[in-house]
Amino acid sequence: RAADEIGKLLIDKELKEVQQELEVRIEERTKELSLKVAELNRTREALQKSEERLLMAQEVGRVGTWDWNPNTGELIWSDEIYRILGLSPDKVTPTYELFLDTVHPGDRELINSAVTAALHEKQQYRLDFRIVKADRTEGIAHAQGEVRFDKDGRPVRMIGVFQDITERKQIEDKLRELTYIDELTGIANRRSYEKGIANEWNRARRMKAPLSVIMLDIDYFKPFNDTYGHSA
């Protein structure tokens, strides 16, 4: 009986030691897992903030991103592309055909040619083209795209950006107008004349044709201007 009691005590002692060792290991493992969870949470928060900054940058710059699989037809748009086109991600599924429907009919062949060249000739493309939004208003967009190929040279993915440049084009047109049109009279200014006369001179030389210039003067223009002012 004494031997049995001693054996039980030894077994209990070993069990306690094993239990204590397990508890230590569990505590250490719990700390490791807690640190990993905290690290994952920090990573998730950083990723979320990064995505928020990206979405904000896309919205401010009115530029969206897209990802297209030419083999399956799957097309992914960022939120900004939906906003630019006036479409709802809950009501439409983006496809290449849907994208073409938003392109002005006069520019669809331009888009098709660029995409075909990118897929078969491994060319990047950069295009400005007209778009027709969901409310039927027209705008101007800029698109860039490039194709990713597998090891056998087959296209597997096309990615790119889509940007609304309507306001920028309007400003450029206005600046171009201000460059060549006199703001007071609304007619061509001296810069426009110099550009036009240079073009006509070069054309006359190529065609070996005479070039005539007519100068028109208005009598008593200065007294009229002094009396009634520039606007009149």
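Just a few scattered comments:
- Enumeration of residues in segment 37-64 that are at pLDDT 70 or above and open to solvent by 60 Å² or more (accessible area, probe 1.4 Å): VAL37, GLU39, LEU40, ASN41, ARG42, THR43, ARG44, GLU45, ARG62
- Those residues of segment 120-143 which are exposed (fewer than 15 other Cβ atoms within 10 Å of the Cβ) and not in a loop (DSSP other than H, G, I, E, B), in sequence order: HIS120, GLU121, ARG126, ASP128, GLU138
- Filter result (under 19 Å from the mean Cα position of the chain (by Cα) and without any contact (Cβ under 8 Å) to a residue 12 or more places away in the chain) within segment 125-146: none
- Scanning segment 175-219 for residues that are among the basic types (Lys, Arg) and either surrounded by 11 or more Cβ atoms within 10 Å (Cβ to Cβ) or in contact with a strand residue (DSSP E or B) (Cβ under 9 Å, 6 or more places away or on another chain) (or both) yields ARG191, LYS195, ARG203.
- When residues in segment 147-165 are screened for being loosely packed, with under 14 Cβ neighbours inside 10 Å, out of contact with any Lys or Arg (no Cβ under 9 Å at 6 or more places or on another chain) and either touching a residue at least 12 places away in the same chain (Cβ under 8 Å) or within 22 Å of THR95 (Cβ to Cβ) (or both), 1 of them pass.
- Considering segment 70-85, the residues that are part of a helix (DSSP H, G or I) and in contact with a helix residue (DSSP H, G or I) (Cβ under 8 Å, 6 or more places away or on another chain) include one that is surrounded by the most Cβ atoms within 10 Å (Cβ to Cβ), namely LEU85.
The values are calculated or read from the model by the stated rules, or taken from the named source; none is laboratory data. Since we're looking at a predicted model, the values are computed, not measured. Positions of Cβ are backbone-derived with ideal geometry, glycine not excepted, and every protein chain shown enters the neighbour counts. For accessibility, only protein heavy atoms count, side chains too; no ligands or nucleic acids. Shrake-Rupley method; radii C 1.70, N 1.55, O 1.52, S 1.80 Å.
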